[in-house]
Amino acid sequence: MTKNPQPNRIITVADLELHVDDLNRIFEPLDFYGRIKKLYKIFNVDDVLLTSSFGTKSVFMLHLLKQIAPKQKVHFIDTTYHFPETLAYKKELTELLDLNIIEVFPNKAENEITRTEEYWKDHPRMCCSINKIVPLEKYVTHHKIWISGLMSYQTDYRSRLRVFEQQGDIIKFHPLIDINEGEFLYYLDKNKLPRHPLEKYGYGSIGCKHCTIKGQGRAGRWSGTGKTECGLHPSYFTKKIKSS
């Protein structure tokens with residue numbers, strides 16, 4: 001399948017200059033563990049942005065990074081619309097893995113407008129933009145690499161992603177992109193990692209409570225809207241790349 005064409009921005013690390021294509025040639029032959037280890041040999045931990053929704057797939061990446069880069073900060077976007085079970089799961093994993101959580105909140109007044117007007121009903125993209133994308137922008141601009149736990153089997157959009165993708169002024173890193181669901185489940189079972197409490201009730205993917213229903217995989221996210229991603233992963237951060 002043809003991959004999405006992306007601009008080849010040059011990044012500088014010490015005396016190295018690497019294109020996104022160069023990074024893919026280096027990292028694609030490695031397994032997910034090797035990719036993450038190599039990332040932190042090239043980039044300083046402070047250059048790497050990690051976000052986590054503490055959803056059904058989050059524990060995999062969080063567990064890996066705790067072993068490889070224990071000082072990595074974890075940014076959690078608190079939209080104010082999370083399920084109580086998600087917040088409880090976040091607390092459980094934070095204590096279990098000794099995570100360093102950075103809480104990211106939307107603008108209070110704008111968040112209240114989305115609540116009063118119930119934006120999630122008729123304007124789900126705007127709701128995501130106000131409560132997820134805009135609050136994270138200031139963190140994105142201070143990092144070089146954004147590490148993400150996306151896996152290709154989850155959606156058609158994700159099936160077209162490479163290990164590294166240019167996204168505006170930052171490079172997205174998808175070390176888990178080519179693992180399958182069986183490998184994911186094996187890793188969780190092998191390491192006896194706790195699952196999100198709503199999974200046992202039929203929730204395959206979990207986001208904000210207004211836009212999540214029971215369903216296999218991501219079928220329960222924004223059901224009936226044609227929307228499959230919250231906006232953090234597609235090309236929402238595609239402002240003009242800064243000149244060097």
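The values are calculated or read from the model by the stated rules, or taken from the named source; none is laboratory data. Note that the structure is predicted; figures quoted are calculated from it, not measured. Please note: Cβ atoms are built from the backbone with ideal geometry, for glycine as well, and neighbour counts cover all protein chains shown.
Which ranges mark the strands (runs of 3 or more DSSP E) fully within the range 145-244 that have 3 or more residues being more than 24 Å from V45 (Cα to Cα) and modelled with pLDDT under 90?
On the way: elements: 145-147, 164-167, 170-173.
Where strands (runs of 3 or more DSSP E) fall fully within the range 145-244, none carries at least 3 residues being more than 24 Å from V45 (Cα to Cα) and modelled with pLDDT under 90.
Going by what's in this entry, would T56 be described as surrounded by 17 or more Cβ atoms within 10 Å (Cβ to Cβ), part of a loop (DSSP other than H, G, I, E, B) and within 13 Å of the chain's Cα centre (by Cα)?
Working: surrounded by 17 or more Cβ atoms within 10 Å (Cβ to Cβ): yes; part of a loop (DSSP other than H, G, I, E, B): yes; within 13 Å of the chain's Cα centre (by Cα): yes.
For T56, the condition - surrounded by 17 or more Cβ atoms within 10 Å (Cβ to Cβ), part of a loop (DSSP other than H, G, I, E, B) and within 13 Å of the chain's Cα centre (by Cα) - is met.
Of all residues being among the hydroxyl-bearing types (S, T, Y) and in contact (Cβ under 8 Å) with a residue 60 or more places away in the chain in the range 134-187, which is nearest to K73 (Cα to Cα)? Just the residue, please. Steps first, please.
The first filter runs over the range 134-187 and keeps only residues among the hydroxyl-bearing types (S, T, Y), leaving 139, 141, 148, 152-153, 155, 157, 159, 186-187.
Among the residues that remain, those that are also in contact (Cβ under 8 Å) with a residue 60 or more places away in the chain are: 139, 148, 155, 157, 159, 187.
Values: Y139: 12, S148: 13, T155: 27, Y157: 27, S159: 27, Y187: 22 Å.
Of everything passing the filter in the range 134-187, Y139 is nearest to K73 (Cα to Cα).
Given the criterion in a helix (DSSP H, G or I), at pLDDT below 95, surrounded by 15 or more Cβ atoms within 10 Å (Cβ to Cβ) and of a type in the set (A, V, I, L, M, F, W, C), identify the matching residue among L65, L23, L93. Before you say what the answer is, go through the steps one by one.
Numbers: L65 fails: at pLDDT below 95; L93 fails: at pLDDT below 95.
Going through L65, L23, L93 in turn, just one is in a helix (DSSP H, G or I), at pLDDT below 95, surrounded by 15 or more Cβ atoms within 10 Å (Cβ to Cβ) and of a type in the set (A, V, I, L, M, F, W, C): L23.
Can you tell me which of K132, K121 is within 30 Å of V20 (Cα to Cα), basic (K, R) and assigned to a helix (DSSP H, G or I)? Working first, answer last.
On the way: K121 fails: within 30 Å of V20 (Cα to Cα).
Among K132, K121, only K132 is within 30 Å of V20 (Cα to Cα), basic (K, R) and assigned to a helix (DSSP H, G or I).
Can you pull out the residues in the range 66-89 that are within 13 Å of L198 (Cβ to Cβ) and of a type in the set (D, E, K, R)?
Once the filter is applied, which keeps residues that are within 13 Å of L198 (Cβ to Cβ) and of a type in the set (D, E, K, R), the range 66-89 yields only E85.
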